[in-house]
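J.: Before we start, here is the structure in question, set down as structure tokens.
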Amino acid sequence: MGADGSRWCRRLLPDRAGNDRPVEAARSRGNHARFQEELTLLTVFSPEHKLHDAKTELSGGELVAPYECPARAEYVLKQIRQVGLGDVVTPEVFGLDPILRVHDPRYVEFLRDFWPQWRAAGNRGEGLPSVMPTRGMRQRVPQNINGKIGYYAMAAETAITAGTWSAVQTSANVALTAQAMVGTEKTSAFALCRPPGHHATGDQYGGYCFINNVAVCAQAFLDQGAERVAVLDVDFHHGNGTQSIFYERSDVMFQSIHGDPQYAFPYFLGFADEMGAGAGEGFNHNYPLAPGAAFDVWGAALLEACQKIEAYGPDVLAVSLGVDTFEGDPISFFRLTSDDFKRYGAILAGLKLPTLFVMEGGYAVREIGVNTVNVLTGFVSS
Ligand code: FKS
Ligand code: ZN
């Protein structure tokens, strides 16, 4: 597929009402019964996310119970069912090929083979790195597994466990199943991924991420004939992995609204002057915001990002959806309210693009369902 009649030819894509109406008219539809059948969004979910259930996270010099825990996905699923967002389906199996389009094969092999090697080396705890190839050191993959894990880590908080690789593969399959739907039967879909992905680079894990689900999907859209994909990262943390994967390319525009890395993880990337390089120059935009940002400031950044998406004219939008921008999030510093999530879901709908939502972060576990589903209902009912 491609220019020769690809399903991604934008002129052939109807908006969600099936015709060409202006944004405001589409919004004013509201909940009119006539459009009832459109007020749903398909979710892809697998209970296998629970296979990644670490006991430890390195936080403040202690080993604590991980913030990124199985209950998160279950609360989101519960709220999806409660509001009747739409069907929930289990993922297809896609194998490694789509993953290897954006990740280094030796890195993927490391993730796959890690656990038995870690145990065989006599390590008794979960997989955590202790030495990384920092300034002045050689960038070579060591033979020893304790060295290897440091080579492939971009941060040291995230534990690898016996079930991590299975859960990570399932998470990518969840994303790719939703991606395939957006390309065919559905216009938009939600991938309820866990573990998340946006910190994973081509060859590094960390920040709770292993395989970059949204990057795998963006590449899959291109491989299936899309010419341009816009990735919008609204998680509280900068999507360093997604940025670095597409930094020198113009076929994926990456934009991220996040806590200023001077004060927030991942600390070493996500500044406003990172605009892309080479062919990718001008296709990367960061919106680092100061502590305490509420919807007035955050929403202004979103509108700017939306204008850039419109100017770019992508075939499809992929949203890295983290709800750790919530005022009650325990590890973040923005002040979005639960209602604000609905408001920005509606703003995203105004782009009138086929949209793939991919779950990233959010650690106010009791509210994660309401906040996530508010974005999705704001999107479908506007
Ligand atoms: C707590 C410090 C936490 C790591 C933060 C990782 C954030 C992950 C995320 C994702 F979407 F990937 F899950 N530092 N003591 O929310 O961006
Ligand atoms: Zn986050």
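The values are calculated or read from the model by the stated rules, or taken from the named source; none is laboratory data. Owing to the predicted nature of the structure, the values given are computational and were not obtained by experimental measurement. Methodologically, a virtual Cβ is constructed for each residue, glycine included, from the backbone with ideal geometry; neighbour enumeration extends over all protein chains shown. Accessible surface areas use protein heavy atoms only, side chains included; no ligands, DNA or RNA. Shrake-Rupley method; radii C 1.70, N 1.55, O 1.52, S 1.80 Å.
J.: Which entries in LYS186/LYS308; LYS308/LYS352; LYS308/LYS342 show an alpha-carbon gap greater than 19 Å? It would help to have the intermediate numbers written out before the result.
T.: Values: LYS186/LYS308 25 Å; LYS308/LYS352 14 Å; LYS308/LYS342 21 Å.
Checking Cα-Cα distances, LYS186/LYS308; LYS308/LYS342 exceed 19 Å.
J.: Sticking with the crude label model, points 7 Å out along Cα→Cβ, report the distance from VAL64 to GLU281 in nm, one decimal please.
T.: So the two model labels end up 4.3 nm from each other.
J.: Report the gain in length on full extension from ARG112 to GLU92: 0.36 nm times residue separation, minus Cα-Cα distance, nm rounded to one decimal. List each step's numbers first, then the result.
T.: Working: separation 20, 0.36 × 20 = 7.20 nm, distance 1.93 nm.
Between ARG112 and GLU92, full extension yields an extra 5.3 nm.
J.: Oh, and also: So what is the relative contact order of the chain, in percent, for Cα pairs below 8 Å that sit 6 or more residues apart?
T.: It comes to 19 percent, rounded to a whole number.
J.: By how many degrees, between 0 and 90 and to the nearest 10, does the Cα long axis of helix 338-349 differ from the longest principal axis of the chain?
T.: Tilt of helix 338-349: around 70 degrees.
J.: What is the local net charge at LEU100, summed over the other residues whose Cβ is closer than 13 Å to its Cβ (Lys, Arg +1; Asp, Glu -1)? Please report the intermediate quantities before stating the final value.
T.: Details: positive: ARG101, ARG106, ARG112; negative: ASP97, ASP104, GLU109, ASP203, ASP223.
Counting the neighbours of LEU100, the net charge comes to -2.
J.: What percentage of the solvent-accessible surface of the chain, computed with a 1.4 Å probe over protein heavy atoms, is contributed by carbon and sulfur atoms?
T.: 50
J.: So which GluC sites (Glu not before Pro) in the range 47-122 are both in a DSSP loop and have at most 16 other Cβ atoms within 10 Å of their Cβ?
T.: Those satisfying the criteria are GLU92.
J.: Using a simple charge model, +1 on the beta-carbon of Lys and Arg, -1 on the beta-carbon of Asp and Glu, nothing else, what dipole does the range 85-210 show about its Cα centre, in debye to the nearest 20?
T.: With only Lys, Arg, Asp and Glu charged at Cβ, the dipole is about 540 debye.
J.: What is the extension gain from ALA346 to ARG101, computed as 0.36 nm multiplied by their sequence separation minus the C-alpha to C-alpha distance, in nm to one decimal?
T.: Between ALA346 and ARG101, full extension yields 85.0 nm more.
J.: What figure, in Å² to the nearest 10, do you get for the accessible area of TRP118 with a 1.4 Å probe and non-protein molecules left out?
T.: The accessible area comes out at roughly 10 Å².
J.: Right, next: Ignoring ligands, DNA and RNA, what accessible area per residue does the chain give at 1.4 Å, in Å²?
T.: Heavy-atom accessible area per residue stands at 41 Å².
J.: Also: Given a 1.4 Å probe and the protein chains all in place, what does the accessible area of ASP273 round to, in Å² to the nearest 10?
T.: So the heavy atoms of ASP273 present about 120 Å² to solvent.
J.: What distance in nm lies between label points placed 7 Å from Cα along the C-beta direction at ALA121 and SER166?
T.: Result: 2.3 nm between the two label points.
J.: Here's a follow-up. Which value at 222 nm does the chain reach when only helices count, each DSSP H run of 4 or more adding -39,500 (n - 2.57), with the total divided by all residues and rounded to the nearest 500 deg cm²/dmol?
T.: -10500 deg cm²/dmol
J.: Could you tell me the calculated FRET efficiency between GLU248 and LEU303, based on Cβ-Cβ distance and R0 = 30 angstrom, to the nearest 0.05?
T.: Working: r = 27 Å, r/R0 = 0.91.
In this case the efficiency is close to 0.65.
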